[in-house]
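Beneath this line is the structure, given in structure tokens, with notes to follow.
Any read-out appearing in this document is the output of simple, stated calculations on the displayed coordinates, not a laboratory observation. Predicted model, so just to flag it, every value in this text is computed and none were measured. Backbone-built Cβ (ideal geometry, glycine too); neighbour counts: all protein chains shown.
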Amino acid sequence: MSLRFSLFLFFIAFVIKIIAIFNTNFDLFGDEAQYWILSQNLDFGYFSKPPLLMWLVGCFTMLFGNSFVLIKTIPLLLYLCTSYIIFLLSYELYNNKNLSVLAAISFYLIPAVSVSSFLLSTDIILILFWSLCLLFLLKIRKNPAIINFFLLGIFLGLSFLAKYAAIYFLLSLVVIICFDKNIREIFYKKFLNVVIFLTSAFIILLPNILWNIKNNWLTISHTSDNAALNKININLLQGFEFILIQALMMGLVLFLFFLITIKKIKINFETKFLLSFSLPIFFIVLIESILVRANANWAAVAIVSFFILLFNHAYNYTKKTLIANNIVNFIFCVVFFILISINLPLKIFDRINGISTFASLIKEKHMGNNRVLVIEDRLLYSNLRYLYRNSNFILLTPHDPKKEIKGHFDLSSPLNPSFNKNFIFLGNPNQLNYLINKNKINKITTKKTVFKKRPIYVYEVVF
């Protein structure tokens, strides 16, 4: 009964997500629009991200077009694949088909997946290949054949090409090697297999490594800057917020049940395995959140194994908890996507509300005979370039070549110091001081928008 009911919730949730995507007037997030831009020029690396997501988006858009609906469908499809892998992973761990099917369905309903399935991000593809890495590590424990080591290396390499947070897998692998005798002996005795594992991962990652070398390790530097460990400001409240968000994202009912019955957790291999691939990651990001800051998604991969652990624990003691958790998560999913479908102007949707209207206004009232639009803000640049994809506008971003590169568009679409054609500018005029040719900057108007906290200043630059 619980399985059929959860299947029903799963089906309804999927249909509602599709309806919301087709019905909403919200726009892409700026990061999503940037991924689309990058996907139009495929490369082995980019300033802020490794290339796998852009490759995937590029393939989808080449085959099916560049519509909003298509871009938003990609996360839905990837999470269907990930849910199937959760089924395989759970079955590999517990050899219980009903448990595994219910785990896969329940995973698809958790708030983390509901929110993330509306947002194209590197996390969705990292979680997919991370789950495959977990699956093949378990297969290696049962059958240490070369093919399993080879495939583990392939999937780990792809994980790194999705997001460099895949480094956590190697850390967690060391942890489980320390705690599990069987895996430790396999990795000690099967030296050739381990070499094949590491070599296959390295070969997959090699093009991106070469790209980084050629570009002075731009992506690695950007990732390091995001950590911001040079700006330590201890804040315990941020740590508490991080823990609370992780609990909410996995399902509050399930998490509270885990806390209440934590003493009943069985310390066996399965528990050690799942904790090894979750607790170290949670701990690192928790410390980061206390010392500096941490986005909730920085520990996204840890949710996979920790959710399976919590799910199995509840399944063994009371399936009513799982049903209650699925119902609460389903309600969250339905409400979230209904709000998207009806375009409710809540603060949480500010970043994607009204961008198309603003783009139309700029195009109709201010571009006129101008074909060049220069935009200071990276996210606004990304959104407008996506929305103007069928126009003949040239979009550039101001960048003084004497200063540090701050984003991908400083590399790919900079406003050259010797530029001498009239253009419309959105941003701070001080950013144009590096221009060589004599020019006059005329303020046209100021636009207050929902998607930007500060007004957007519109200028005409005349040479």
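Under the rule of -39500 (n - 2.57) per DSSP H run of 4 or more residues, summed and divided by the residues of the chain, what mean residue ellipticity at 222 nm is obtained, to the nearest 500 deg cm²/dmol? Dividing the helical sum by the residues of the chain leaves -20500 deg cm²/dmol.
Packing around the peptides 190-202, 254-266, taken as the average count of other Cβ atoms within 10 Å per residue, puts them in this order, highest first: 190-202, 254-266.
Exposure proxy shown here: for Val328, Val462, the number of other Cβ atoms within 10 Å sets the order, fewest to most, as Val462, Val328.
Of interest is the spacing of the C-alpha centroids, which for the range 402-434 and the range 308-357 amounts to 41 Å.
Relative contact order, percent, of the range 354-462 when contacts are C-alpha pairs under 8 Å separated by at least 6 residues? Don't jump to the answer; show the numbers that get you there.
On the way: 161 pairs, mean separation 28.1, N = 109.
Computed over the range 354-462, the figure is 26 percent.
Among the trypsin sites (Lys or Arg not before Pro) found in the range 424-463, those both in a DSSP coil and sparsely packed, with 15 or fewer other Cβ atoms within 10 Å of their Cβ, are Lys438, Lys448, Lys453. The distance from the alpha carbon centre of the range 20-85 to that of the range 153-194 is 29 Å, rounded to a whole number.
Look at [x] 41, 33, 17; [y] 47, 26, 22; [z] 43, 27, 20: the one that is semi-axes √(5λ) of the Cα gyration tensor in Å derived from this structure is [z].
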